[in-house]
1. Of the beta bridges DSSP finds with both residues in the protein assembly as shown, what % are antiparallel, to the nearest 5?
2. What length, rounded to one decimal in nm, is gained on full extension from A:Q100 through to A:K135, with 0.36 nm per residue of separation minus their alpha-carbon distance?
3. Test of understanding: what is the full-extension gain from A:Y169 to A:L26, defined as 0.36 nm times their sequence separation minus their Cα-Cα distance?
4. What are the principal axis extents of the Cα atoms in the protein assembly as shown, in Å, biggest first?
5. Mean Kyte-Doolittle of at least 0.5 plus a Cα span of 24 Å or more along the axis: flag which DSSP H helices in chain B meet both, please.
6. Ranked highest first by the average count of other Cβ atoms within 10 Å around their residues, in what order do B:55-64, A:205-214, A:38-47 fall?
7. With a/c under 1.5 counting as rounded, go ahead and sort the range A:109-175 into rounded, prolate or oblate using the C-alpha gyration tensor (a ≥ b ≥ c being the square roots of the eigenvalues; past the cut-off, prolate if a/b is larger than b/c, else oblate).
8. How do B:169-175, B:320-326, A:215-221 rank on mean C-beta neighbours within 10 Å, highest first?
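Only the coordinates and a few stated rules stand behind these numbers; no lab work does. Note that this is a predicted model, so its numbers are computed, not measured. Cβ: placed from backbone, ideal geometry, glycine included. Neighbour counts: every protein chain shown.
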Amino acid sequence: MNKNPQPKATKPLLELKDMTMRFGGLKAVDALSFDVKEGEIVGLIGPNGAGKTTVFNCMTQFYDTYEGDIRFRDANDEMVSLKGVKVNDIIDYGIVRTFQNIELVPDLSVIDNLLIGAHKQFKTGLFQHILTTPKARKEEKHFRQKAEEVLEFMNIHHLKDALVAGQPYGVQKKIEIARTLMGDPKLIILDEPAAGLNDHETDELEKLFYELRDKYNVTILLIEHDMGFVMNICDRVCAINFGKFLAMGSPEEIQTNKAVQEAYLGEEY
Amino acid sequence: MTKTNKTNLPKELYEKFKANKPLHFLLFGIGLAIMLLAPYYDFIPGGRNTNGFVAPAIYFTVAALGLNLLLGYGGLISLATSAFIGVGALGMGYFMLFQEFSFFLSLGLTILISLGLGLLVGLFSLKVSGIYLTIGTLFFATILENIFRSVLPMSTTESFREITFFGNFVIDTSKSYTQLRTGEPQYDRYIALLIMVAVLVLSMIVIYNIIKSRTGRAFMAMSRSANAAAAMGVNIAKYRIIAFMTASLFATLAGVLYAIYGTSVEKNIWTLELSLFILAVVIVGGMRSIFGTFIGALVIFTVPNLYINEYLRTFSSFLENRFGINWQPVGFAPVFAGLLIIVVVLYYPRGLIKLFYDARILLLKLYGLIRNRLAKGGATDE
């Protein structure tokens with residue numbers, strides 16, 4: 001279809017090495033290893049309870065008690081371990097995520113929600129804001145402009161001053177993706193971006209992802225249950241079940257993989 | 001080209017004015033200052049003491065603005081507001097009367113103490129949240145209250161005779177508005193009121209600038225979804241502490257204003273009751289509304305004392321004369337505040353400030369109706 005040719009993905013951007021996450025006696029993720037290369041769109045699939053969101057939470061350091069290592073290519077083009085990085089510093093590395101349930105501020109306008117995504121990039125401090133120094137005003141204006149550009153790109157510019165509360169589900173999902181773009185991301189981690197969208201919106205999202213990759217140079221890692229969507233859009237797919245690695249490869253390879261079929265459909269008798 | 005520019009100019013100016021919120025606060029302050037001149041010119045019949053009733057609304061608005069930031073934006077409830085107001089009032093009293101420090105040194109020390117205490121509450125808030133945090137602040141307030149009562153070396157009420165700000169700038173707020181014998185106006189209390197109005201306007205502008213900046217957005221993000229806020233780089237711990245320190249600073253400023261205006265500082269009135277009244281100010285006036293906070297303070301602190309108590313006294317004397325029933329309307333203010341909270345929460349959950357929006361919409365509707373009628377009438381005439 002209109003699938004863009006895969007960019008020359010050679011260097012890994014994110015690497016998981018034998019990552020294990022325990023909740024008490026339960027191993028939610030068990031010695032999982034895979035990598036995401038620069039410029040790729042990678043899907044993480046698995047039946048319910050497979051540990052996909054746990055993997056995301058470990059990557060973004062919401063859970064910091066995992067074993068093994070998660071490494072990410074930093075600004076100096078070196079792979080560094082994310083272990084010990086604070087949750088709110090993860091965005092500095094260029095990793096931004098969305099959530100399974102939309103987590104926006106409902107009683108702020110759309111553009112203000114986007115500005116939350118640029119939180120770390122503001123250089124002026126509280127006192128400069130209180131005094132509204134020219135520098136602070138200039139900075140605010142700059143990021144507002146940036147937010148408007150992002151909204152334009154997402155085709156929701158006309159809603160910029162509307163409250164988030166009351167916007168349709170599809171629009172809220174778009175706002176969440178737009179918010180991630182404000183943080184100048186290298187890797188966007190999306191937790192079920194297509195859940196609850198209608199067919200038209202899913203198609204739109206697909207197109208959007210290719211544009212995202214080309215215009216903003218981002219790598220995308222996503223969890224999704226809509227298999228049609230995943231197989232269409234992803235360059236590679238990683239399948240896990242009960243926290244264990246099953247297979248990773250192109251969508252075609254995953255579709256024909258025995259272990260994946262068993263995980264989804266049960267064993268053949 | 002020039003023509004269109006000309007016609008658009010008033011509208012442009014209006015839009016500019018509409019967007020410039022700090023200017024609104026400034027104009028509001030000037031208007032309030034002019035209104036506070038009323039007792040000198042007998043605008044309000046028999047209302048010599050009106051200012052005495054409006055003053056609490058002014059200084060408690062400052063405290064309520066801090067609480068509004070904490071509650072409306074940060075999503076954190078504090079029941080320690082009155083204790084922090086107490087820190088302001090008693091700190092000024094202690095440093096100025098017992099240590100004989102200058103006004104500004106006392107102010108600086110009081111603010112430092114309040115920021116330290118605010119930091120303590122903020123640090124506590126990192127460990128607990130929700131209802132437990134509320135209970136924690138309540139006990140924090142109780143501890144402070146008891147420190148005021150038993151540790152501070154002051155008697156229950158200490159009076160300032162006059163406050164020297166600097167050099168010759170001295171105000172003696174114990175003077176009444178006019179000299180009794182000659183009827184000459186005395187402006188000392190008015191100057192104190194002007195200082196209060198200035199602090200109020202400044203607080204409004206500061207709060208507005210905070211909530212419109214990234215700090216305000218971080219507060220909102222933190223209270224609505226802590227996870228998303230953290231993922232976007234908001235340091236939750238930092239902003240919780242900032243929220244509590246700002247709220248305690250504003251409460252302390254309210255206490256300082258109380259000390260300036262009240263001519264005396266009391267030890268025993270910084271109780272939970274006052275904290276709840278200030279919470280009521282925020283809820284009745286309108287959460288996350290700056291003007292709403294002032295309206296709430298007027299309704300909670302001024303209206304009961306200025307009007308309701310007067311009417312009740314009339315009613316009670318009527319009862320006495322007509323039916324011989326002896327009923328004294330003492331302490332009615334809490335009843336009024338309680339009833340008001342119930343009514344507001346039921347019918348105006350966004351606060352009394354919404355009354356204005358509703359009134360405006362109603363007026364616009366009426367205007368549209370009348371215009372339609374007129375247009376129709378014009379059509380039939382032709």
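1. Approximately 65 percent, going by the DSSP bridge assignments.
2. Extending this stretch completely gives an extra 8.9 nm.
3. Extra length available between A:Y169 and A:L26 comes to 48.1 nm.
4. Over the protein assembly as shown, Cα extents along the principal axes are 104, 84, 57 Å.
5. B:50-68, B:103-127, B:131-150, B:188-211, B:236-262
6. B:55-64, A:38-47, A:205-214
7. Here the range A:109-175 falls in the prolate category.
8. A:215-221, B:169-175, B:320-326
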